[in-house]
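Data first, discussion second: the structure below is written as structure tokens.
The values are calculated or read from the model by the stated rules, or taken from the named source; none is laboratory data. Keep in mind that what you see is a predicted model, and the values were worked out from it rather than measured. So basically every Cβ, Gly included, is an ideal-geometry build from the backbone, and we count neighbours across all protein chains shown. All accessible areas refer to the heavy atoms of the entire protein, side chains included, with ligands and DNA or RNA removed. Shrake-Rupley method; radii C 1.70, N 1.55, O 1.52, S 1.80 Å.
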Amino acid sequence: MKKHTKKGRNLVYIGIWINAVGMALALVEGIPEPYPAFSIPLIIVGVLLFIVANFYREK
């Protein structure tokens, strides 16, 4: 993580949390109906934040 700028590190941490919430919504049983539908978009947004964070590397 020391290779990224501060903005890149923040994007990675936010991506980790968003990805974790998406995985939790996808894997946990007994969640009311509209919430599991949000799991796939949250996982995709988390992965996209990981990819965008790679553009914020220190030189």
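Is there a residue being surrounded by 13 or more Cβ atoms within 10 Å (Cβ to Cβ), over 14 Å from the mean Cα position of the chain (by Cα) and more than 17 Å from Lys3 (Cα to Cα) anywhere in the stretch 36-43?
First pass over the stretch 36-43, keeping only residues surrounded by 13 or more Cβ atoms within 10 Å (Cβ to Cβ): 36, 38-39, 42-43.
Within this subset, residues satisfying the condition of being over 14 Å from the mean Cα position of the chain (by Cα) are 36.
Those still in the list that are more than 17 Å from Lys3 (Cα to Cα) too: 36.
Yes, because at least one residue in the stretch 36-43 is surrounded by 13 or more Cβ atoms within 10 Å (Cβ to Cβ), over 14 Å from the mean Cα position of the chain (by Cα) and more than 17 Å from Lys3 (Cα to Cα).
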Quick one: would you say Gly8 is open to solvent by less than 50 Å² (accessible area, probe 1.4 Å), in contact (Cβ under 8 Å) with a residue 12 or more places away in the chain, part of a helix (DSSP H, G or I) and in contact with a strand residue (DSSP E or B) (Cβ under 8 Å, 6 or more places away or on another chain)?
yes
Six or more apart or on different chains, Cβ under 8 Å: which pairs go from a residue in the stretch 12-32 that's at pLDDT below 90 to one that's open to solvent by less than 80 Å² (accessible area, probe 1.4 Å)? Could you list them?
Ile31/Leu25
